[in-house]
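Readers should treat all values here as calculations from the given coordinates under stated rules, not as data from a laboratory. The shown structure was predicted, so the numbers you read here are calculated from the model rather than taken from an experiment. Cβ placement follows ideal geometry from the backbone for every residue including glycine, while neighbour counts extend to all protein chains displayed.
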Amino acid sequence: MLRHLFRLMWNRKRTNLLLISEILCSFVVLFGVGTILVRLGTNYFSPFGFDYRPVWRLNIAADGGEKMPRAQLDEALRQVRALPGVEALTLTSHNTPFTFSTSNSDFNHDNHSGLANRFDAGDDYARVMGLRLREGRWFAAPDDGLKRRPVVISQSLRERLFPAPGERAVGQIIRNGSDGGTDQFVVVGVADDIRDGSDFSAAVPAVWLRLEPHDTTEWEGAAVLLRVRPGAGAALEEQIVKTIARATRNWLTQVRTLEEDRASKSKYTLAPVLALALACVFLVLNVALGLLGVLWYNIQQRRSEIGLRRALGATGGGIGRQFVAETLILTLFGVLLGALVAVQFPLLGAFDVPAADYGRAIGLSVAFIFALAALCAVQPSRLAARIRPAVALREE
């Protein structure tokens, strides 16, 4: 049976080559779009690496462009920390999670380097954000006596800076700058990777640099993260604003939850994802219409062949199964050629995604193309099965 099918397909090699080419092109495009969607889906279902729901963000600024003495800022935050409903708070840099502010630098150790997001963090930062440490510890009061500024690095940055099996990261010295800059830091801990960009963003290497608790620098503005008890709402927000106003007289305070920041960021990141998904839907429709057109034309060109086979005793079901089988075999050829193209993408790093996502995209594209080809072959095959031999031979 298969030998007979291959002979029939070879006799119509020009028409079948067109179908194989269409399947090849469709597979490659579906693979490209699928790779991006698979990566976005993987990111969406990955953990954030921190607990953002009970965390609020305070932006504090001195009115009229005045400076903010650290001692006065610490006193205001001490009063906020004492409010009922506030569990912990910490000073940090302005690139808080889910905002549009970013700060990154190159860090290196020996001959290894990596670009990482950098965050200033107080001693209570890990408690506020719910970070989980893999190695070492978080910042603490004894760090005041260290000669170098202590840092905590994320797991992905650890793998880049200390790739050797069994190599220890805690206690090692890392430098800031791709050219081995002069700023040196001592690693005191390694934390889980975090996704602080959006629902669809991937985890990126991160570094948390300790904020000196006794720093006398005068700040132009301050970013504060605080962890609140469940159920805290507008009443606590009002108390926070009034407390800082009483302690500083002319400082302005903005309060937002990280949940609000995440929802706001999602509005901007969701639009391109939906556009990509819509483009994928139109692509699938075009592929389906193309396959239906080619298969229908193929059947019309073979009406005499179908009529002769029916006259010789072939059943309608046998004719239908033959056309479905031919379509799936041609699809197999197109998919194999497309897979040869697709496997080049991970070697070239075309989309800069993990190899596992390439594999998932290839698998989904293969399954989808075969399902689509089989679905598109059903109706033309049914039409072929209904052709009556007398009508087909008379037309010929």
**Message:** Neighbour counts of other C-beta atoms within 10 Å: give me Thr269, Thr92 arranged from fewest to most.
**Reply:** Thr269, Thr92
**Likely footprinting exposure, Leu24, Leu146, fewest C-beta neighbours within 10 Å first** = Leu146, Leu24
**Prompt:** If R0 is 30 Å, what FRET efficiency do you get for Leu270 and Leu115 from their C-beta distance, rounded to 0.05?
**Reply:** 0.70
**Two-decimal ratio, region 67-249, of alpha-carbon radius of gyration to 2.2 N^0.38 Å** = 1.09
**Fill in**
Scoring region 51-161 by relative contact order with C-alpha pairs under 8 Å, at least six apart, yields a percentage of 23
**Item:** Paramagnetic label zone (point 7 Å from Cα along Cα-to-C-beta, Ile173; backbone N under 13 Å) in region 127-159
**Value:** 147-149
**Request:** Using the Cα centre as the reference, give the magnitude of the dipole from point charges on the C-beta atoms of region 216-294 (Lys, Arg: +1; Asp, Glu: -1; all else neutral), rounded to the nearest 20 debye.
**Result:** 180
**Request:** Counting other beta carbons within 10 Å of each Cβ, put Thr42, Thr96 in order, fewest first.
**Result:** Thr42, Thr96
